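Beneath this line is the structure, given in structure tokens, with notes to follow.
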Amino acid sequence: MSVFSAPARLLTSPFRGYADLANAEEGDGRPTVAGGMLRFLFVFGAFVSLTATGRLAPFELVSGIISFSYVPVLHAIAVAIALRVVAPEIRFARAFALYAEGYGPWFLFMLAIAGGSLFAPDPARLLAAAIGWMLLIALLWGALLTYACFRSGLALSRQRAAGATAVHFAVVAVLVLGFFLAAGQLLPIIPR
Amino acid sequence: MRALSPAFLVATALFVAGVIGGLLFDDAPPRPVAHRAGYRVLEGDFHTHTGWSDGSLSPLGIVRQANRRGVDVVALTEHNTVLPSKAARIYSRIIGGPLVLTGEEVTTFRFHVIAIGIESTVSPNQPLEGVIADVHAQHGIAIAAHPVRRFWPALLPMREKLDGAEVMHPIAYSERGEWRWEDMVAFYEQSRAPLSAIGSSDYHWMSVLGLCRTLVFVREPVSEASVLDALREHRTVTFDREGKAYGDAALVAALRVEPYTPRTSDYAYRGAGTADRVLRTLGWLGLAGMLLLRARKR
């Protein structure tokens with residue numbers, strides 16, 4: 001058994017890693033919904049604090065967790081809808097618990113940005129040059145892990161796994177754009 | 001349930017050390033009272049965003065960050081809504097933080113205008129003339145946000161009706177494509193009517209709130225109203241990266257006689273010494289360890 005966490009193992013072997021996770025016994029590294037969501041929010045809070053203050057300031061850590069608590073909820077909605085459309089026979093809690101183990105690319109992204117902010121001699125120049133690429137890599141890597149979750153973790157066929165991945169990303173996009181639309185921030189910036 | 005692995009425990013301990021460092025060293029620079037030309041000098045940042053749109057901090061976090069960066073007065077200017085700035089104002093009053101001006105960045109495809117000192121959201125779904133009129137009807141201040149050339153078709157015909165224009169902005173540190181800092185300077189300098197020269201950070205994330213800041217020359221007692229009066233009467237100065245001053249000519253001359261150095265205006269994270277740097281490094285390593293290492297014993 002590896003010394004690395006499940007999100008770290010999934011980074012290098014997403015399909016085998018998800019198959020192992022799906023077969024894990026209860027209490028033996030079997031993922032849970034609460035565990036996955038809390039870990040993601042914990043990292044997000046730490047990321048907000050480190051990038052804003054250069055430290056793990058408790059107030060910023062906690063307020064980052066609270067402010068961005070909608071992000072895993074949004075992902076949960078996307079997974080629920082993807083299952084409803086593509087694989088209604090699968091239990092949501094099991095699916096989302098597995099899905100939330102696949103945040104590794106985003107953890108690396110946040111660690112790298114926070115590390116760059118803290119240790120680079122000229123963080124602004126470094127991040128301006130690298131952040132676009134890092135975001136793209138995290139997005140593509142994350143999409144691969146989402147597909148692996150549906151394919152190996154939930155044992156869907158290739159077609160259904162691809163369909164579930166596509167529906168998931170479409171729902172996330174619609175929810176994000178819907179928020180900005182409702183907040184009055186989207187329509188005014190569209191050329192007319 | 002299996003016990004935690006030793007490696008994970010070490011990572012957790014490092015993280016906790018980082019949090020202790022965050023508690024011990026999260027300070028703010030002193031804010032000595034300064035006067036020039038018969039006015040009280042305040043350092044202001046009039047363009048900041050929160051997690052409500054594309055920022056990272058909460059409205060409360062903006063107040064704390066302004067304090068951390070030595071800013072006396074901050075305007076929270078979320079895209080097309082005034083609401084988060086009201087939360088920040090309440091919080092700052094409770095904790096005795098920096099002066100908070102309510103505001104909004106009226107954000108459209110054709111122009112961006114900072115509206116500060118307003119209580120109701122100004123609609124972006126109208127021509128610039130209507131936006132400025134709505135801001136002034138609320139006794140607010142209208143400032144051209146990052147007036148680069150792509151916004152000129154809308155901004156130029158109305159320039160003399162604005163109260164101010166951003167002259168310094170992080171664009172000056174990382175120009176990209178059509179977002180050229182020289183255009184902002186030209187927009188300000190070619191105005192036929194006086195404009196308040198504004199330096200703003202357009203803060204979204206990282207440390208840089210107050211990177212570009214405005215010196216505001218206010219009459220005492222200091223209040224939100226006295227700051228708005230100063231902005232309305234163009235009593236501001238801002239500096240570019242080389243230290244060149246932009247703003248009211250008499251105030252710029254006064255600063256030549258008796259210079260004023262802003263408290264912080266850099267990208268760097270302030271460190272309180274070796275212990276601070278060590279603890280923040282340990283905290284980051286601890287976070288990495290907690291994420292990458294298996295939590296339970298094999």
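The values are calculated or read from the model by the stated rules, or taken from the named source; none is laboratory data. Everything quoted here is computed from the prediction, not taken from an experiment. Reconstructed Cβ throughout: ideal geometry from the backbone, glycine too, with neighbour counts over all protein chains shown. Surface accessibility is based on the protein's heavy atoms, side chains included, excluding ligands, DNA and RNA. Shrake-Rupley method; radii C 1.70, N 1.55, O 1.52, S 1.80 Å.
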Counting only residues that are assigned to a helix (DSSP H, G or I) and open to solvent by less than 40 Å² (accessible area, probe 1.4 Å), the stretch B:1-11 contains a total of 2
Residue hits (the stretch A:30-54; more than 11 Å from the chain's Cα centre (by Cα), open to solvent by 10 Å² or more (accessible area, probe 1.4 Å) and within 10 Å of chain B (Cβ to nearest Cβ)) are A:GLY35, A:PHE42, A:PHE47
Taking the stretch B:163-192 and keeping only residues that are outside any loop (DSSP other than H, G, I, E, B), away from chain A (no Cβ under 13 Å) and not aromatic (Phe, Trp, Tyr), one is left with B:GLY164, B:ALA165, B:GLU166, B:VAL167, B:MET168, B:GLU182, B:ASP183, B:MET184, B:VAL185, B:ALA186, B:GLU189
| Can you find a residue in the stretch A:124-135 that is within 14 Å of chain B (Cβ to nearest Cβ), surrounded by 19 or more Cβ atoms within 10 Å (Cβ to Cβ) and out of contact with any strand residue (DSSP E or B) (no Cβ under 6 Å at 6 or more places or on another chain)? | yes
By residue number, the members of the stretch B:82-97 that are crowded, with 20+ Cβ neighbours inside 10 Å and either touching a Phe, Trp or Tyr at 6+ places or on another chain (Cβ under 6 Å) or within 11 Å of another protein chain (Cβ to nearest Cβ) (or both) are B:PRO84
For A:MET110, indicate whether it is touching a Phe, Trp or Tyr at 6+ places or on another chain (Cβ under 9 Å), surrounded by 14 or more Cβ atoms within 10 Å (Cβ to Cβ), away from chain B (no Cβ under 11 Å) and of a type outside the set (D, E, K, R). no
Exactly one of B:LEU255, B:LEU285, B:LEU228 is open to solvent by 10 Å² or more (accessible area, probe 1.4 Å), at pLDDT 95 or above and within 13 Å of another protein chain (Cβ to nearest Cβ), and that residue is B:LEU285
Condition set closer than 18 Å to A:ILE81 by Cβ and not in a helix (DSSP H, G or I), scope the stretch A:135-190, selection nearest to the chain's Cα centre (by Cα): answer is A:LEU154
Taking the stretch B:25-44 and keeping residues buried (at least 17 other Cβ atoms within 10 Å of the Cβ) and within 14 Å of chain A (Cβ to nearest Cβ) leaves B:PHE25, B:ASP26, B:ALA28
Checking B:THR238, B:THR264 in turn, the sole residue that is farther than 26 Å from B:GLY96 by Cβ and among the polar types (S, T, N, Q) turns out to be B:THR238
Among B:ALA295, B:ALA272, B:ALA268, the single one that is at pLDDT below 90 and either crowded, with 19+ Cβ neighbours inside 10 Å or at the interface with chain A (Cβ under 7 Å from one of its Cβ atoms) (or both) is B:ALA295
